[in-house]
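Report on one structure; see the data block that follows.
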Amino acid sequence: MERLDQGLAFLLQYENIAWYEQGRVQILDRRVYPYRQEYVTCYNYQQVAQAIADMVTQSGGPYLAAAMGMVLAVDEARQKGKNIKEFTKTAAQILANARPTTAQKMKVITETSYQAIERALEAGEDPLQAAFAFALDNVNQRYHKIKMIARHLVHKFPHSGTVMTQCFAETIVGMMLLECQKQQKEICFICPETRPYLQGARLTASVISDMGYPVHVISDNMPAYIMGREGVDVFTSAADVITMDGYVVNKVGTFQIALAAFYHKIPYFVTGSPNQQHQTIDSVKIEERNTEEVRQHMGIRVTKENVKAYYPAFDITPPQYCSGVVTPRGIYSPWNLKDFFEV
C-alpha cells in the first residue's frame, strides 16, 4: 500500500499521530509540540480514549488514535483471556464517545473496525492484523480524500496572496501546501494562535514552516484588524461537524473570524463533508471543557482563584457567513448540501 503521508511534515506522519506496536499505542502529545517532542503511551484502550478526551491529539488525530485503540483492544482481550468480540464491541463504544461533539464520526470508524475484527474471527484469521490493516487503510483513505479537497481549495487561492487559517486542520494543512507547490502558487499564511492550547501557533504554523512556506502567528484578538491591514485573500478552516442545514461547527473562535471575513468581503471556505447524522444544528452537542484550561496559560495560572471562566470547545458559524463547503467532490453551497449526496 502506498502511504499518502509521504512528503508531509513530521506532525502528519502516521507514526507521529497514533501508532500501535507491541501491546501499546503511542500518541504524539500535541499539547506540548513543538517545544517538546513527547509521546503518551497507552497500554489499554481506556487510556487511548482518555488521551483523546484530554486532547493529547486533536483535529483528525483522534480518528487514527481510535482505530489504533481498537487494535490494542484485541491485544488486551487476548492478554486477559477475554472474549474478543464482546471486549472489542465495548471498546468501540467507549472510544467513539471519548469526545461528544465528534461521536458520530468516531462511531463510524470504531464500528467498522469492529466489523473487520468480527469477520477475521469468523474466517479463522488474525483479528489483530485485521484491525491494524483497517486502521492503516482508513487513515490512507482519509488522506486521499483530503488530497482531493486540497486541490479544490487551492484553486480558490490567488496565484500570489495571503490565507488565514484557524486552529489546526491537520492533514488539509499539509495537503494544501503540496497542492500550492503543484499549482505553483506563492502563498503566505496567517495563523491565529488558538487559545488555550495554541494549536494554531504550535501545530499549524509548525507544519507550514516545516514545509517551507512563510507564516505569521497572531493572537486570537487580531484577525479582524490583520485581515484589513495585511490584505488577506481567503479564510479557511476545517470543521468537526458540517450539518445538513449548512452550519459549521469548529474550534471556538471560527465564528468571529468568519464574521470579520464577511465584513472585509473575504471568502470563507470550510473543508469537510456534510454529515447526514446531523440534519439540523439542533442535533449537535457542543462540548464544554474544563474551565481551568482557560484560567491558566500553558500550566501557569493567570487569574485569581475565585475568577470563573467559560470553555466551549467549539462554536457555530451560520451558513450565510460561509462561501462554500469544500469536499472531495467539489465545492458546494452551504444552502444546498443535499446535492453532495446526489452525485
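The values are calculated or read from the model by the stated rules, or taken from the named source; none is laboratory data. Given the structure is predicted, the values throughout are model-derived calculations rather than measurements. When we count neighbours, we look across all protein chains shown, and the Cβ atoms used for this are built from the backbone with ideal geometry, even at glycine.
Collect the residues in region 119-156 that are within 18 Å of the chain's Cα centre (by Cα), among the hydrophobic types (A, V, I, L, M, F, W, C) and more than 27 Å from T88 (Cβ to Cβ), keeping them in residue-number order. Full working, then the answer.
Pass one, region 119-156, residues within 18 Å of the chain's Cα centre (by Cα): 135-150, 153.
Within this subset, residues satisfying the condition of being among the hydrophobic types (A, V, I, L, M, F, W, C) are 135-136, 139, 146, 148-150, 153.
If the condition is that a residue be within 18 Å of the chain's Cα centre (by Cα), among the hydrophobic types (A, V, I, L, M, F, W, C) and more than 27 Å from T88 (Cβ to Cβ), then I146, M148, I149, A150, L153 are the ones that fit.
Pick out the one residue from Q129, Q166 that is outside the structural domain of V25 (by TED's automatic domain parsing), of a type in the set (S, T, N, Q) and modelled with pLDDT of 95 or more. I'd like the intermediate steps shown before the answer.
Details: Q129 fails: outside the structural domain of V25 (by TED's automatic domain parsing).
Every option except Q166 fails the conditions.
Tally up the residues in region 291-314 that are exposed (fewer than 11 other Cβ atoms within 10 Å of the Cβ), at pLDDT below 95, under 28 Å from the mean Cα position of the chain (by Cα) and not aliphatic (A, V, I, L, M), please.
1
With respect to I94, is the statement that it is under 14 Å from the mean Cα position of the chain (by Cα), modelled with pLDDT of 95 or more and under 19 Å from F134 (Cβ atoms) true? Lay out the reasoning, then the answer.
Values: under 14 Å from the mean Cα position of the chain (by Cα): no; modelled with pLDDT of 95 or more: yes; under 19 Å from F134 (Cβ atoms): yes.
So I94 fails the test.
Please go through region 254-306 and give me each residue that is touching a helix residue (DSSP H, G or I) at 6+ places or on another chain (Cβ under 9 Å), assigned to a loop (DSSP other than H, G, I, E, B), within 15 Å of T101 (Cβ to Cβ) and not aliphatic (A, V, I, L, M), ordered by number.
G272, Q277, H278, K285, E287
What is the one condition in (1) surrounded by 21 or more Cβ atoms within 10 Å (Cβ to Cβ); (2) more than 17 Å from E15 (Cα to Cα); (3) assigned by TED's automatic domain parsing to the domain that holds Y20 that E111 does not satisfy?
Checking E111 against (1) surrounded by 21 or more Cβ atoms within 10 Å (Cβ to Cβ); (2) more than 17 Å from E15 (Cα to Cα); (3) assigned by TED's automatic domain parsing to the domain that holds Y20, the one that fails is (1).
Report, ordered by the first and then the second residue, all pairs with beta carbons closer than 9 Å, sequence separation of six or more or different chains, a first member in region 227-246 that is free of Cβ contacts under 8 Å to residues at least 40 places away in the same chain, and a second member that is part of a strand (DSSP E or B) and among the hydrophobic types (A, V, I, L, M, F, W, C).
A239/V248; A239/V249; A239/V270; A239/V325
Among the residues of region 194-231, which ones are polar (S, T, N, Q) and farther than 13 Å from C167 by Cα?
Step one: list which residues in region 194-231 are polar (S, T, N, Q), which gives 194, 199, 204, 206, 209, 219, 221.
Correct list: S209, N221.
Within region 119-161, track down each residue that is crowded, with 20+ Cβ neighbours inside 10 Å and within 21 Å of V325 (Cα to Cα). Spell out how you get there, then give the answer.
Let us first name the residues in region 119-161 that are crowded, with 20+ Cβ neighbours inside 10 Å, namely 120, 127-128, 130-132, 134-135, 139, 143, 146, 149-150, 153-154, 157.
Result: Y143, I146, I149, A150, L153, V154, F157.
Just the residues that are surrounded by fewer than 20 Cβ atoms within 10 Å (Cβ to Cβ) and in a strand (DSSP E or B), please, taken from region 216-243.
Those that are surrounded by fewer than 20 Cβ atoms within 10 Å (Cβ to Cβ) and in a strand (DSSP E or B): H216, V217, I218.
Of all residues in region 307-343 being out of contact with any helix residue (DSSP H, G or I) (no Cβ under 8 Å at 6 or more places or on another chain) and β-branched (V, I, T), which is farthest from T236 (Cα to Cα)?
V307
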